[in-house]
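This report concerns only the one structure given below.
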Amino acid sequence: MLKRRSLLSGAAAGAAMVMVGPAHAASGHPSAPARRWWKEAVIYEIYPRSFRDSNGDGIGDIPGITEKLSYIRDLGADTIWLAPIFASPNRDNGYDISDYKAIMPEFGTMDDFEKLMTKASSLEIRIILDLVVNHTSDQHPWFQKSRASRDNPYRDYYIWRDSEQGRPPNNWPSPWGGSAWTSDAATNSNYLHLFSPYQPDLNWDNPAVRDEVFSIMKFWLDKGVAGFRMDAITMISKMPSFRDMTPKELQAPEYVYAAGPHLHAYLREMNDRVLSHYDVMTVGEAYGMHAEDIPLFTDSARRELDMVFAFDIVHVDRQGWRKVAWPLSKLKNIYAAAGRPKSRDSWNTVFLDNHDQPRAVSRFGNDTAPFREASAKAVATMLLTQCGTPFIYQGEELGMTNLPFSDLADFEDVQAPIEWDAKVKRQGIDPEAFFESLKGLGRDNARSVMQWDSSRNAVFTRAEKTWYRVNPNYTEINAQDCLQKSGSVYHHFRDLIALRRQYPALVYGSYQDLDPDHPGAFFYARQQGNDRILVLINMSDRGFTYEAPVLTTASLLLSSVKHEGAAKSVTWLAPWEARIYRA
Ligand code: GLC
Ligand code: CA
């Protein structure tokens, strides 16, 4: 449907934003969103370390991704978000960058990257990169120079504050736990890091820092990448007074960090100076943002970003550090807020999984027998039919599950011990309770290696050892099986993506929750002009009868369960059954 330009030449030529065709939206509808390729895209996130190892060192790499591009194309995704591939000491697996213009040697070379781009382009797949510029690695030459003396040109690339008697300059916490300041002996001062001490925050108030960032962006855009996912982008502007946070603010410091006075000015500058010169997409990680805040970033008239990941969905089962049960009504409210038109032309993302979140089937479905496959399909149905551009995380299309953990040592993630120290050792939170929550919420759940088949190490690597664990369930859950089996989670994803491409109402349509109060059924409509698509999902382990007058005349387009005979008269919804109708 969508005619794509050549990825490499189009972006390099610096083409301005291009409309891909006449709007699908109902004529005369004042708030019809403009068509853009990235609104119609289905984006697949790859965590390169865990995706596919081509050279037998147990670490996923770029040639491994190139090898698997057609797998992604066959699924129907058309855009890939690569988690960071740049030189890094890997304290936070690439989210701590020491050279923004070099490829991490473990992942390959620039030549490997260019081969990946060429092959992707031939398959009409776009590649977006992860722009991690709220902070760098402490090993970045800028920081090495910055910390060396008080009067060097790089000092102001970072945020330094003096303090008395070894105390931090203020009470700001890292959202991961502990102080956001670390003292540095060389100049007897403290630097700010909202994440780990290995990730010092850049000082965006310094125009030289912004110049550097914009030059990095151009470097990659000129290589033909189709845009960026922007890490922690809401945190780039810091509160100028550096005052202590109030006790209330301390309960959710990310909302204070996201309220910096220059955030929008910096994003506008980035757009004017860089993004507006290319036909690319941006999606910002919006820590500390709710659905209502989205238009501030994404309304096209504001010329900032195209999309953001708001954090409501991330908080659905969290209260502080604690994992809590969530009623379906909470999820419905989140999507109702996201689906309410908020401004003339702003856009959403839909995501359940990513490299920071537990697995979608374990969190939103039920990963135990006999419900895993059915619930993974139910949850996928929601992902691909809600309002916004959907993001799939590697393995989600197989219904990959959370990992089993029995000990803190099973966690590889830098965040886990930082949180443990802050919560258990310093705040005295019960270790058992904290560990239980960590098991369910920990980021390592997403980072076990991709399960390609049932041979050793899920054939992620030919090495004996993998850099991180293989989920022991790979013998039952793997791509090879899923591809072979009709009705598998993979095939359901594929069918959903195909349906999304066939019915623009699933992309551009309005949203209406048709049964907000039902405790088990999620029933909603997407409508564009006269095209009305109905989505009915049983979000529970129980089967029940579900009747709605509109269903008696609707035609079934897709069902996660095989129905004999006239499906539209079937009123029994099996556990986790999902159906899509045309009204
Ligand atoms: C974002 C990334 C996460 C990383 C953090 C610091 O939240 O998604 O993986 O640890 O930023 O860069
Ligand atoms: Ca490798």
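The values are calculated or read from the model by the stated rules, or taken from the named source; none is laboratory data. Computed from a predicted model, the values in this text were never measured in an experiment. All Cβ positions, glycine included, derive from the backbone under ideal geometry; neighbour counts span all protein chains shown. SASA here: full protein model, heavy atoms, side chains in, ligands and nucleic acids out. Shrake-Rupley method; radii C 1.70, N 1.55, O 1.52, S 1.80 Å.
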Of all the residues that make up the range 148-188, how many are more than 35 Å from the chain's Cα centre (by Cα) and of a type in the set (Ser, Thr, Tyr)? 3
Give the range 67-107 a look and list any residue that's of a type in the set (Phe, Trp, Tyr) and not in a loop (DSSP other than H, G, I, E, B), or say none. Tyr71, Trp81, Phe86, Tyr100, Phe107
Just to check your reading of the model, which residue among Gly288, Gly260 is open to solvent by less than 50 Å² (accessible area, probe 1.4 Å) and more than 23 Å from Leu331 (Cα to Cα)? Gly260
Being assigned to a helix (DSSP H, G or I), within 30 Å of Pro153 (Cα to Cα) and at pLDDT 95 or above: is that true of Trp220 here? yes
When you look at Ala525, is it hydrophobic (A, V, I, L, M, F, W, C), under 33 Å from the mean Cα position of the chain (by Cα) and closer than 18 Å to Cys387 by Cβ, yes or no? yes
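Go through the range 315-335 residue by residue and tally those that are open to solvent by 10 Å² or more (accessible area, probe 1.4 Å), in a loop (DSSP other than H, G, I, E, B) and β-branched (Val, Ile, Thr).
The initial filter retains those residues of the range 315-335 that are open to solvent by 10 Å² or more (accessible area, probe 1.4 Å), namely 315, 318-330, 333-335.
Filter once more, so that each one left must be in a loop (DSSP other than H, G, I, E, B): 315, 320-321, 324-327.
Remaining after also requiring β-branched (Val, Ile, Thr): 324.
Adding up the residues that qualify gives 1.
Given the structure, is Asp112 within 15 Å of ligand 2 (Cβ to nearest atom) and of a type in the set (Asp, Glu)?
Details: within 15 Å of ligand 2 (Cβ to nearest atom): yes; of a type in the set (Asp, Glu): yes.
Criteria met by Asp112.
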Looking at Asp367, Asp353, which is the one that is open to solvent by 20 Å² or more (accessible area, probe 1.4 Å) and more than 17 Å from Phe522 (Cα to Cα)? Asp367
When Asp356 is run through (1) more than 16 Å from ligand 1 (Cβ to nearest atom); (2) farther than 19 Å from Tyr490 by Cα; (3) in a loop (DSSP other than H, G, I, E, B), the failure sits at (1)
Of Ala252, Ala286, the only residue that is touching a residue at least 12 places away in the same chain (Cβ under 8 Å), touching a helix residue (DSSP H, G or I) at 6+ places or on another chain (Cβ under 7 Å) and either more than 24 Å from Asp92 (Cβ to Cβ) or within 16 Å of ligand 1 (Cβ to nearest atom) (or both) is Ala286
Within the range 67-112, of all residues that are among the acidic types (Asp, Glu) and more than 14 Å from Ile125 (Cα to Cα), the one surrounded by the fewest Cβ atoms within 10 Å (Cβ to Cβ) is Asp111
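Can you confirm whether Ile59 is within 28 Å of Glu124 (Cα to Cα), within 12 Å of ligand 2 (Cβ to nearest atom) and not hydroxyl-bearing (Ser, Thr, Tyr)? Write out each step before concluding.
Numbers: within 28 Å of Glu124 (Cα to Cα): yes; within 12 Å of ligand 2 (Cβ to nearest atom): yes; not hydroxyl-bearing (Ser, Thr, Tyr): yes.
Yes, satisfied.
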If you scan the range 37-56, which residues turn out to be among the hydroxyl-bearing types (Ser, Thr, Tyr) and within 12 Å of ligand 2 (Cβ to nearest atom)? Ser50, Ser54
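Residues are listed down the side, and each one gets a yes or a no for (1) part of a helix (DSSP H, G or I); (2) of a type in the set (A, V, I, L, M):
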{"position": "Arg210", "(1), (2)": "yes, no"}
{"position": "Ser215", "(1), (2)": "yes, no"}
{"position": "Asp244", "(1), (2)": "no, no"}
{"position": "Leu267", "(1), (2)": "yes, yes"}
{"position": "Asn271", "(1), (2)": "yes, no"}
{"position": "Glu292", "(1), (2)": "yes, no"}
List every residue pair whose Cβ atoms lie under 7 Å apart, where the two residues are 6 or more positions apart in sequence or sit on different chains, the first residue falls within the range 465-493 and is without any contact (Cβ under 8 Å) to a residue 24 or more places away in the chain, and the second residue, located anywhere, is assigned to a helix (DSSP H, G or I) and of a type in the set (Gly, Ala, Ser). Val470/Ala458; Tyr474/Ala458
How many residues does the range 45-66 contain that are more than 16 Å from ligand 1 (Cβ to nearest atom) and not in a loop (DSSP other than H, G, I, E, B)? 5
